[in-house]
Amino acid sequence: LSLALAEAGADVVVNYYRTPQEAEETKAEIEKRGRRCLLIEADVGSRLENAAMIDQIEREFGRLDILVHNAGNFNEAPFLEMTEASWDSSMNLILKGPFFLSQSAAKLMLKNKSGRIIAIVGNSYFENWPDFIPHAIAKTGLAKMMQSLAVALSPYIQCNAVCPSTILMADDDRDARQRAKRGETGAVNDPQAQTYVERGVTLHRGNPDELAEMVVYMAGCSGFLNGTILPLDGGKTIL
């Protein structure tokens, strides 16, 4: 996603947490594309660290045009075994953190009376996963937050959410395990064509590049697109 935004012409701020090597590798790739890159290590679940991150962005770039909420975790456990710590972990990272990060970011965006806030929600918005309930509730709240902010920040900042279904991973075994945990039975039956069968219907299985393409589109399309919760799933939600 960071590389796709860089290729579209954006200077990029990469927020990372405890992954310095991967962050440096991403920065190098962005700079190869002729764009500036600022790395900031911050816990997105922390209101204070989020505010400090936006302050650093303002000092470095003077403005912020696009904010993408992409942090997430999967605290897996049956409902009767879910702990308060796991609940809090999901809510802090997926919902509370993005709320206050959006607040700080919007204050900077409004100085230029323009901006885009985009949330990557996932298909837990449309589906129910019994072993990932806090995750699904937090992601659903994040989608509703985008709609609320679309109204609160109109007409200057457009806020939208994209809900991709499970995407095709390079590690096919890991991909299959993750899909099974979510109760998805449709196996990829043609990896080259990226298709699978769900309820007797052959559907397209997306990949990370297709998700990035949609986020880049949302970041630069007409301001008429606002408050949208967009399924990106090859038609799975309409079956």
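The values are calculated or read from the model by the stated rules, or taken from the named source; none is laboratory data. Every value quoted in this text rests on a predicted model; they were computed, and no experiment measured them. Every residue, glycine as well, gets a Cβ built from its backbone with ideal geometry; the counts of neighbours run over all protein chains shown. Surface accessibility is based on the protein's heavy atoms, side chains included, excluding ligands, DNA and RNA. Shrake-Rupley method; radii C 1.70, N 1.55, O 1.52, S 1.80 Å.
Restricting attention to strands (runs of 3 or more DSSP E) lying wholly within region 167-229, give those where 3 or more residues are at pLDDT 70 or above, at negative phi and out of contact with any His (no Cβ under 6 Å at 6 or more places or on another chain).
Fully inside region 167-229 and qualifying: 195-198, 201-204.
Of the residues Leu39, Leu3, which is open to solvent by less than 60 Å² (accessible area, probe 1.4 Å), over 26 Å from Met145 (Cβ atoms) and in contact (Cβ under 8 Å) with a residue 60 or more places away in the chain?
Leu3
Which ones in region 6-36 are without any contact (Cβ under 8 Å) to a residue 12 or more places away in the chain and β-branched (Val, Ile, Thr)?
Matches in region 6-36: Thr19 only.
If we only count helices (runs of 4 or more DSSP H) wholly inside region 1-83, which ones have 1 or more residues that are in contact with a strand residue (DSSP E or B) (Cβ under 8 Å, 6 or more places away or on another chain), of a type in the set (Gly, Ala, Ser) and closer than 24 Å to Lys111 by Cβ?
Counting at least 1 such residues, we get 2-7.
Contact list please: Cβ distance under 8 Å, first residue in region 75-88 and more than 14 Å from Ala138 (Cβ to Cβ), second residue in a helix (DSSP H, G or I) and of a type in the set (Ser, Thr, Tyr), pairs at least six apart or on different chains.
Ala77/Ser86
Can you pull out every residue in region 198-238 that is touching a Leu at 6+ places or on another chain (Cβ under 8 Å) and surrounded by fewer than 16 Cβ atoms within 10 Å (Cβ to Cβ)?
Listed by number, the residues that qualify are Arg199, Val201, Asn207, Pro208, Gly235.
Taking the conditions exactly as written (open to solvent by 30 Å² or more (accessible area, probe 1.4 Å), in a strand (DSSP E or B), touching a residue at least 12 places away in the same chain (Cβ under 8 Å) and within 23 Å of Leu5 (Cβ to Cβ)), does Val162 satisfy them or not?
Judged against the criteria, Val162 is not a match.
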